[in-house]
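The values are calculated or read from the model by the stated rules, or taken from the named source; none is laboratory data. Everything numeric here is computed off the predicted structure, so don't read it as measured data. Cβ: placed from backbone, ideal geometry, glycine included. Neighbour counts: every protein chain shown. Accessible surface is based on the protein model in full, side chains and every heavy atom, while ligands, DNA and RNA are left aside. Shrake-Rupley method; radii C 1.70, N 1.55, O 1.52, S 1.80 Å.
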Amino acid sequence: MLEPDEIQRIFQAQRSHRRVMRHTTAAERVERLERLRAEILKRQDEIGRAIHEDLGRPADNRDEIQTVMGNLDKVRDELADWMAPLPVAKSPATPSAERVFVRYEPRGVVLLFGTWDFPIGMFFSPLIQAVAAGNVVLAKTSSMAPATGEVIERIVRAVFDEREVAVFNDDDVSTRDGVRGTNDVLLDLPVDHIFLTGSPRVGKIIVEKAARHMASFTLELGGKSPAIVDRTIDLGLVAQAFLGGKIYNHGQTCLSVDYAWVPADLRDAFVETYVTAVKGAYYDEAGEFQWQRDGRFVDKRNYERVKGYLDEAIARGATVAFGGRTDADNLVIEPTVLVDVPRDTQIIQEEIFGPILPVLTYTDEEEIFAHSDALGKPLGFSVYSKDDAFIERMLDNTTSGGVTINGHAVHWAEENLPFGGVNSSGYGRYHGVWGFRELSNARSVFHVAVS
């Protein structure tokens, strides 16, 4: 159990070290991140075993590590350009200017909260951008992925001085008044910026805590990300995209396809095509779901939450078109397709975060727009169509953090695009130069010419 004096000691040390990190060059920051690269690669097998223990994913899965390597490559190749002052054209109203430019400087102490669904990628990706921007970082790993959290702590301690990056795994802090959660203690610190990937509920807590110290924040919060299928698209393409978009990590991704809209007369054909793809990817010859190929629910609470959504939907009249079997011992729900789902059920109203796909049908596009508007602005949105006019109507009448057309979440993988949510699905943008700028203060400089 942590002691509050220890947290305070590290925080004060980091605050004192902010100016040192501020003055580091691009080469010095890259050198630190290259040490991080080497340490992660050295521990690939250890990381794989930890993720398998926490989430049941195959121990040889390297997806998260590959994502982090891509982040590191981008920073290594472009950081010097990002750090350079950005010239701005002076306006006719300010003829006295000798130079007008934007100077990017670190925000200071960044408080980073890791997440459990992608405990490596969603910890190190924002950490890399925070370090690239010259910040110091206080970080808390997710208690729901404890094995991975221990590996993260060993990696960070091997690479960084605690004045630069410090990581906490303990969930509790012993105080004079009793035991407090580490997250709460960290949020009481007057940090400069907070970065969280989590739920809208937790996001609201972050906003309230940040307001006490006027800290800035970046929130990635998820939401009900829909997929819209048009009659012009090959359903086989859609089904293959949904294998990763719905089932990967047992549906526990912030950009998971939460539900699909399909033309009413194509519903059965779509379901049949999707089910065929699912069987080919995740079932053996005897027709048994091989959950070990992908993973399971992170804990009993999340398993029971999603099972409760499923049970309620069925009780209210939804039809199970495929799947529906549950395994409490292994915390698994097989890939499931629901049709004829009442719109006011929890599985339609709440983010699922599991491998269940409700298929909604439409005959009028206005049904899509009205439903999407009522559920709020999701983190992601996907459209499957060869009809440019249809695509434009979808973009013009909906909103989301990002969009992928004819694929799943590829906008997340593109480092040159800003990634993030809007309103209930998040605040702020990161990835590539956008993350560097998000974790920097864009300082405007107007240099008056003097003779």
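Filtering the stretch 215-266 to residues that are farther than 30 Å from Ile205 by Cβ, open to solvent by 10 Å² or more (accessible area, probe 1.4 Å) and not charged (D, E, K, R) leaves Thr232, Ile233, Leu235, Gly236, Leu237, Gln240, Ala241, Leu243, Gly244, Ala264, Leu266. Within the stretch 144-159, residues that are touching a residue at least 40 places away in the same chain (Cβ under 8 Å) and over 22 Å from Asp299 (Cα atoms) sit with their Cβ atoms under 8 Å from residues that are of a type in the set (Asp, Glu) and open to solvent by less than 60 Å² (accessible area, probe 1.4 Å), at 6+ positions apart or across chains, in these pairs: Ile155/Glu39; Ala158/Glu39; Val159/Glu39. When the stretch 49-85 is filtered for residues that are without any contact (Cβ under 8 Å) to a residue 40 or more places away in the chain and farther than 24 Å from Gly121 by Cα, the ones remaining, listed by number, are Asp81, Ala84. Residues of the stretch 175-184 include at least one that is open to solvent by less than 10 Å² (accessible area, probe 1.4 Å) and in contact (Cβ under 8 Å) with a residue 24 or more places away in the chain. For the stretch 293-334, the candidate set comprises residues that are of a type outside the set (D, E, K, R) and surrounded by fewer than 14 Cβ atoms within 10 Å (Cβ to Cβ); within that set, the residue that is farthest from Ala145 (Cα to Cα) is Gly317. So which residues in the stretch 247-287 are touching a Pro at 6+ places or on another chain (Cβ under 6 Å), under 21 Å from Gln346 (Cβ atoms) and of a type in the set (A, V, I, L, M), if there are any at all? Within the stretch 247-287, just Ile247 meets the criteria. For Arg15, the requirement of being part of a helix (DSSP H, G or I), buried (at least 17 other Cβ atoms within 10 Å of the Cβ) and either more than 23 Å from the chain's Cα centre (by Cα) or at pLDDT below 95 (or both) is met.
From the list Val156, Val109, Val100, Val137, the one residue that fits, being of a type in the set (A, V, I, L, M), open to solvent by less than 30 Å² (accessible area, probe 1.4 Å) and over 23 Å from Val207 (Cα atoms), is Val156.
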